[in-house]
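Let me begin by presenting the structure, written as structure tokens, before commenting on it.
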Amino acid sequence: MNCPVCKTTELISGTLDENLTSMNCPDCGGNWIRGAEYWKWVEQHGSELAERVPETESLSLAEPGLPIDCPECRFRMVKYLVGRGLGFSLDHCQGCKGIWLDRNEWEALKKRNLHDDLNTMFTSFWQTEAHREARKKRMIDIYISRFGADDYTEIKRIRWWLDTKTNKEELMAYLTDRDPYAA
Ligand SMILES: [Zn+2]
Ligand SMILES: [Zn+2]
């Protein structure tokens, strides 16, 4: 079976975690997990681990990739956003239920105890939330580039303050009026 990213490199069988085998690409470091293998592992391991908070130190991850085809059944795989502050996607085959992880993605998930939640990640509930989070992140980046980081912090503070006032409309009118002292 060949690597779905490198195409010509053959995957070699390895161990991704205790009791979890995967097919590993020696070139790009990606891992292929068969759907059944993952389910078996989740059953043994349980998926009860509480999510851990993000760390500042981060692993070197692959650049967001192009769509890939399942190395097993050739179906075009679907990308699922991980979210929760992790900016990468996982590839999932809806045919054979296999999962493709690029280099270090398993490790990054494991650091957060999200490696046992992949089946939940593939639900529309999780995906809606992850996409909302990604949109918000994009908007924040736009505001920061438009206003600068300091002014963005300040205007957010003012917005929050306005939201706590019952006479918000009046305060806004004062703020935007060219000459609030003209009769
Ligand atoms: Zn590869
Ligand atoms: Zn497949």
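Quick rundown of the values:
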read-out	value
Hits in the range 1-23 - residues which are away from ligand 2 (no atom under 16 Å from the Cβ) and open to solvent by less than 50 Å² (accessible area, probe 1.4 Å)	Cys6, Thr9, Gly14, Leu16, Asp17, Leu20
Qualifying residues in the range 45-72 (those that are open to solvent by 50 Å² or more (accessible area, probe 1.4 Å) and at pLDDT 90 or above) - the one nearest to ligand 2 (Cβ to nearest atom)	Glu72
Hey, Arg34 open to solvent by 50 Å² or more (accessible area, probe 1.4 Å) and within 16 Å of ligand 2 (Cβ to nearest atom) or not	yes
Neighbours by Cβ (under 7 Å, 6+ apart or cross-chain): first from the range 127-149, over 17 Å from Leu90 (Cα atoms); second surrounded by 12 or more Cβ atoms within 10 Å (Cβ to Cβ)	Tyr143/Tyr152; Ile144/Tyr152; Phe147/Ile155
Test for Met77: is it open to solvent by 80 Å² or more (accessible area, probe 1.4 Å) and modelled with pLDDT of 95 or more	no
Filter pass, Trp160 being in contact (Cβ under 8 Å) with a residue 60 or more places away in the chain and assigned to a helix (DSSP H, G or I)	no
Search result, residues across the range 82-94 that are at pLDDT 95 or above and either surrounded by fewer than 19 Cβ atoms within 10 Å (Cβ to Cβ) or assigned to a loop (DSSP other than H, G, I, E, B) (or both)	Cys93
Qualifying positions in the range 100-115 - more than 15 Å from ligand 1 (Cβ to nearest atom) and either part of a helix (DSSP H, G or I) or in contact with a helix residue (DSSP H, G or I) (Cβ under 6 Å, 6 or more places away or on another chain) (or both)	Glu107, Ala108, Leu109, Lys110, Lys111, His115
Any hit, the range 97-105, residues being among the β-branched types (Val, Ile, Thr) and more than 21 Å from Glu43 (Cα to Cα)	no
All positions within the range 1-35 that are in contact with a Cys (Cβ under 7 Å, 6 or more places away or on another chain), within 16 Å of Asn104 (Cβ to Cβ) and small (Gly, Ala, Ser)	Gly30
Subset of the range 113-126 (residues that are open to solvent by 20 Å² or more (accessible area, probe 1.4 Å) and within 17 Å of Gly85 (Cβ to Cβ))	Asp117, Thr120, Trp126
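The values are calculated or read from the model by the stated rules, or taken from the named source; none is laboratory data. The shown structure was predicted, so the numbers you read here are calculated from the model rather than taken from an experiment. Reconstructed Cβ throughout: ideal geometry from the backbone, glycine too, with neighbour counts over all protein chains shown. Calculation scope for accessible area: heavy atoms of the full protein, side chains included, ligands and nucleic acids excluded. Shrake-Rupley method; radii C 1.70, N 1.55, O 1.52, S 1.80 Å.
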